[in-house]
Amino acid sequence: MWHAGVRINTPDVIKDFRIQFVKFNEGCRSALSEVRAESENVQQWLTHEQIPHLKQELRKCEELVNQARSKYTFAKADSPAYGKSSAIDELKALKKAERRKEEVEKRLAAAKKWATLLDREATKLMAPINNLSNMLDVNVPKGLAKLDYMVRSLEEYLRMSLPDAGIPVNLGNLRNLGDQGHVS
């Protein structure tokens, strides 16, 4: 088995990785929030806006069908009184109102079906999303703590291994430590 030593002359690589790790965590959390919000928005729109709107529309259609039916019945019974020989116009209006009512009934049934399906699928979708969120809650702080420990340990190691020249060394600016132990 091949083992290679790691030569790290500065903790900057770990610090840079830590910054990217924090950005990754923020990106994940943002994406999770967006998915949750979008799912809730669609469910709210469907159940609290679209279905009530369609129910109201259906009531209007039922009223129009009843009015058209009354007009047709009245026109059919009293056609000669209005100087008409038939109630064809009223029958057409009744058929049109009935078709509109059937269309709204179908749309309402579809919206109810989709609301139920959406609720079930959103619940399924939220399980892995919640798992990822919980994993981030637990593992990100642990990972950041380990990275911080690595940076402190490396800084301490480098501080101990530098030759004591009486000159304080800023490890943040330390880029390369040569083979002879001096800063290049």
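Read-outs throughout are calculated quantities, based only on the coordinates presented, and are distinct from any laboratory measurement. The structure presented is a predicted model; accordingly, all values stated were derived computationally and were not measured. So basically every Cβ, Gly included, is an ideal-geometry build from the backbone, and we count neighbours across all protein chains shown.
For the set LYS55/LYS95; LYS60/LYS92; LYS55/LYS96; LYS71/LYS112; LYS92/LYS112, the pairs lying more than 28 angstrom apart at their alpha carbons are LYS71/LYS112; LYS92/LYS112. Modelled label positions at SER33 and ASP16, each set 7 Å beyond Cα in the direction of Cβ, lie 2.9 nm from each other.
Give the value in nm², to one decimal: projected area of the alpha carbon convex hull of segment 12-154, averaged over all directions. Mean orientational projected area (segment 12-154, Cα hull): 11.8 nm².
Counting only residues at least eight positions apart within a chain, or on another chain, the lysines with an alpha carbon under 26 Å from that of LYS146 are LYS15, LYS23. Between LEU132 and SER161, the simple spin-label model (points 7 angstrom out along Cα→Cβ) gives 3.9 nm.
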